Amino acid sequence: MKALMFIIRRTFKNLFKGVLKKPSLLIGYIFIILFIALMLVASFAMPAGLIRSGSPEFFTGIMSLVFMFMYYTYIKLGIEKGSTYFRMADVNFTFTAPIMPNKILLYAFIKQIGGTILFLFIATCQIPNLKNNFAMQSYGVWMILLSAVMFALSYPLISMIFYSWASKSSERKKLLKRLFDVLALAVVIVFITSIAKTRSFVDSLSSVFTHPVIRYFPVIGWTSSIASAAMNGFTLEFWIGLSGMGLLIIGTSIALYRMNLDYYEDVLEGAEYFEAAIKAKREGNNLRFNLKVKNKVKQNLSGTGAVSIFFRYLLELRKTAFFLFLDRSSVMVIIAAIIFKFIMPDESNVLTLATILFFAAYMLLLTQMQGGIGKELEKHYIFLIPASYAQKLFFATLGEHVKNLFDGFILFVLSGILVKAKVETVISCIIAYVLFGAVYTYGDILARRIFGRIHSKNVMIFVKAIANLLMVAPGIIGGVFVLTFTESEFLMLCFIGAWSFVLAVTLFVFSTGIFKNLETVN
Amino acid sequence: MLKVKNLSKKYEKVLAVNNVSFEVNSGEIGVLIGPNGAGKSTTIKSIAGLLRFDGEITIDGKPNKSIEAKRVFGYIPETAALYESLTVWEHLEFIARAYGLKDWKDTAEVLLKRFDMDDKKDKIGKELSKGMQQKVSICCALLINPRMVMFDEPMIGLDPKAIKELKEIFVELKSAGCAVLISTHILDSIAEIWDKALIMNKGEIVYVNTRDAMLASGESLEHIFFSLTDKEEEKPA
């Protein structure tokens, strides 16, 4: 065990030393630490229920829905690929070393506790929003963080148990996946039936997901019961949930190394998948990672010179899209924005589509700041194509604008019908959405031009996100002023669009030198 | 030293390795050769204890997955994967701790020098090129002074000097009584060094012979390899 702890200790020490060596990186980390500290302080210090006092049932409903979605996604992926705490370096060095497999599992478990920091960070960022809308208990923040830890510790263990059973035959895999799909479908049907009756998303969320069957349902119900203690206090549900999760984590760990000492094969595929996912993230390709690629689509390569990059992008997009350019990221942005609209209270009724636009722009920031251009720069072709820098940059990014136009069209036409918005508001929202996307895209490229390929992808993403927010903020603030004076949502959207357009063009001009200054990473 | 008896490995419905048996003795260099997809890596991974399998594999008389067996064998995977935040020297220190080695530092220095890595001791894993990562992987496997060592496509990514060093190391390991198993599909890379050839095709060992016996018969390994692995392609579709 000492040897394994040596890896953890030294990894941490070297990371710290690496950060100290690079001042720009140090500033980035200090910035992140301050941000997290601020979020934590705000989470604990801010009064609860500032905007409204949502019901405990609604809170439990949100928590159940979130954990249901997360467990479903992660465990289904685990059944397919095997879930793992391990990297390939662990496979190559520790699995072949004379160390007991149970000690290696324990080491992985300690590493995973470090991995929960990411979940804690994501959870922390949501707390101020939750606190604004719900009158939480004084210890509520701790309960939400505890549930995030429970989730992060339990899903790899559950996935490993499922995988070790399912990996024996493809029939077992199919059976398990179908079982999960049927359960998910059942929940969706029950939920839609409830909405048809109540005609209210919030009421249905509050009633369906607080049903005793879901509240006490193993794992999902247990985890959300822990989170729901933030509102409901230490009820019987909480204690059942906490004991259930504790027993589950301890029990599955014991089961894994007592009953199946030979777990190496079960985690091998997962480790390979994990490495591939990390590589995809580095290339800025994580949203397209592991998507099913169609062999044939009705989209041809066309154009010459830099234009060919644009058509190649469209072809790649069509091959992974569900329909035309509608892919996983489109669905994420569209569904999240529409759900957000229904959940948010809108007493004023002044802002109809703008609320959806702002949330969709925020979601787009989360998906686009991963940096799609990174994938292009990982390969040498774009550097060699005989065309001007501006042409190459324009056509390499045009595909993203087309996709945003397509997504924006679906999102705002759909929500425009739902909220009965005017046609000009719908059109201005679509244009503003595309321009937000353009700002993020060229902001990303400019950041690459300024920073190059820095030490940590996560730090880079964080810096870009903050920079993008700061850049678009004046447009939104100005738009709010326009709204105050004119009371016209359309004019507000025009102002925001105009600001984003100027910003995007400026960023484009400053970004064109990227092919002159940036070197290929391969 | 290495005994593989009736090894079979099935991935769902695909039989990747079918009832394979062979031995590599102490002081012998065995080469496992075959076209892509022949089952070489699956065999190597099974021996390394990374896969479940049917059959029996022993190293120095002990089951390959036992702690005792692991103490004496080294493994160099096809794709080197290092800990991104550990330095080259820390990788070696970890191996020394994991295998309970004493007085390992001089050996580590010698190994690093042989592979021109002595000036890169303080470089962390992610700062190294693929070839350098492969060299670290080799140094780690050799640091334990193994009695059996397996190389899965070891030459890929190495520079000419490192290839030359590695070939010399194969011979030195053999002289020291170590059993060496090298999996490759590049015949030229092991032409001068092998003692026992094991040709795999479609999950089965289709040929086993020693260098002496083969030379006596007047055949070449390349000729035998193509005659055994090209058969299917010659048939009309």
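Can you tell me which of (1) in contact (Cβ under 8 Å) with a residue 24 or more places away in the chain; (2) surrounded by fewer than 22 Cβ atoms within 10 Å (Cβ to Cβ); (3) within 13 Å of chain A (Cβ to nearest Cβ) is the one residue B:169 doesn't meet?
Among (1) in contact (Cβ under 8 Å) with a residue 24 or more places away in the chain; (2) surrounded by fewer than 22 Cβ atoms within 10 Å (Cβ to Cβ); (3) within 13 Å of chain A (Cβ to nearest Cβ), the lone unmet condition for residue B:169 is (3).
Mind checking which helices (runs of 4 or more DSSP H) fall wholly inside region A:202-309 and carry at least 3 residues that are within 21 Å of residue A:101 (Cβ to Cβ), at pLDDT 75 or above and within 14 Å of another protein chain (Cβ to nearest Cβ)?
Here the list reads A:264-282.
Output the number of the condition that residue B:19 fails; it satisfies all remaining conditions of (1) away from every other protein chain (no Cβ under 14 Å); (2) assigned to a loop (DSSP other than H, G, I, E, B); (3) surrounded by fewer than 21 Cβ atoms within 10 Å (Cβ to Cβ).
(2)
Of all the helices (runs of 4 or more DSSP H) wholly in region B:164-237, which have at least 1 residues that are farther than 30 Å from residue B:15 by Cα?
Once the helices (runs of 4 or more DSSP H) in region B:164-237 are filtered for at least 1 residues that are farther than 30 Å from residue B:15 by Cα, what remains is B:211-217.
Please enumerate the residues belonging to region B:22-39 that are touching a strand residue (DSSP E or B) at 6+ places or on another chain (Cβ under 8 Å) and not in a strand (DSSP E or B).
Matches in region B:22-39: B:25, B:26, B:27, B:28, B:34, B:35, B:38, B:39.
If you go through region A:20-42, how many residues are without any contact (Cβ under 8 Å) to a residue 40 or more places away in the chain and within 14 Å of another protein chain (Cβ to nearest Cβ)?
Counting residues in region A:20-42 that are without any contact (Cβ under 8 Å) to a residue 40 or more places away in the chain and within 14 Å of another protein chain (Cβ to nearest Cβ) gives 2.
Would you confirm, using the coordinates I've provided, whether residue B:35 is out of contact with any Phe, Trp or Tyr (no Cβ under 8 Å at 6 or more places or on another chain), within 8 Å of chain A (Cβ to nearest Cβ) and closer than 17 Å to residue B:154 by Cα?
In short, no.
Considering every residue within region B:101-115, establish whether at least one is β-branched (Val, Ile, Thr) and within 18 Å of residue A:7 (Cα to Cα).
Checked region B:101-115: no residue is β-branched (Val, Ile, Thr) and within 18 Å of residue A:7 (Cα to Cα).
How many residues, within region A:72-125, are farther than 25 Å from residue A:147 by Cα and either modelled with pLDDT of 75 or more or facing another protein chain (nearest Cβ under 10 Å) (or both)?
Residues flagged as farther than 25 Å from residue A:147 by Cα and either modelled with pLDDT of 75 or more or facing another protein chain (nearest Cβ under 10 Å) (or both) within region A:72-125 amount to 17.
What are the residue pairs meeting all of these: first residue in region A:498-522, first residue assigned to a helix (DSSP H, G or I), second residue at pLDDT 90 or above and among the acidic types (Asp, Glu), Cβ atoms under 9 Å, and 6 or more apart or on different chains?
From residues that are assigned to a helix (DSSP H, G or I), there are no pairs.
Residues are listed down the side, and each one gets a yes or a no for (1) modelled with pLDDT under 90; (2) assigned to a helix (DSSP H, G or I); (3) over 20 Å from residue A:475 (Cβ atoms):
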site: A:370; (1), (2), (3): yes, no, yes
site: A:374; (1), (2), (3): yes, yes, yes
site: A:409; (1), (2), (3): no, yes, yes
site: A:435; (1), (2), (3): no, yes, no
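All but one of (1) surrounded by 19 or more Cβ atoms within 10 Å (Cβ to Cβ); (2) within 21 Å of the chain's Cα centre (by Cα); (3) within 11 Å of another protein chain (Cβ to nearest Cβ) hold for residue B:135; which doesn't?
Among (1) surrounded by 19 or more Cβ atoms within 10 Å (Cβ to Cβ); (2) within 21 Å of the chain's Cα centre (by Cα); (3) within 11 Å of another protein chain (Cβ to nearest Cβ), residue B:135 violates only (3).
Looking only at region A:296-326, filter to residues that are in contact (Cβ under 8 Å) with a residue 60 or more places away in the chain and under 28 Å from the mean Cα position of the chain (by Cα); which one of those is nearest to residue A:410 (Cα to Cα)?
Among those that are in contact (Cβ under 8 Å) with a residue 60 or more places away in the chain and under 28 Å from the mean Cα position of the chain (by Cα), it is A:326.
Would you confirm whether or not region A:170-189 contains a residue that is among the hydroxyl-bearing types (Ser, Thr, Tyr), farther than 18 Å from residue A:150 by Cα and within 14 Å of another protein chain (Cβ to nearest Cβ)?
yes
Of the numbered conditions (1) β-branched (Val, Ile, Thr); (2) closer than 19 Å to residue B:111 by Cβ; (3) without any contact (Cβ under 8 Å) to a residue 60 or more places away in the chain, residue B:210 fails exactly one; give the number of that condition.
Every condition holds for residue B:210 apart from (2).
So which residues in region B:134-163 are at pLDDT below 85, outside any helix (DSSP H, G or I) and touching a Gly at 6+ places or on another chain (Cβ under 8 Å), if there are any at all?
Scanning region B:134-163 gives B:157, B:158, B:159.
With the condition kept exactly as written, say whether any residue in region A:199-211 is closer than 14 Å to residue A:66 by Cα and among the β-branched types (Val, Ile, Thr).
For region A:199-211, residues closer than 14 Å to residue A:66 by Cα and among the β-branched types (Val, Ile, Thr): present.
How many of the residues in region A:475-497 are free of Cβ contacts under 8 Å to residues at least 12 places away in the same chain and touching a Gly at 6+ places or on another chain (Cβ under 9 Å)?
1
The values are calculated or read from the model by the stated rules, or taken from the named source; none is laboratory data. As the structure is a prediction and not an experimental result, all values here were calculated from the model. A quick note on method: Cβ atoms are made from the backbone with ideal geometry, for glycine too, and the neighbour counts reach across all protein chains shown.
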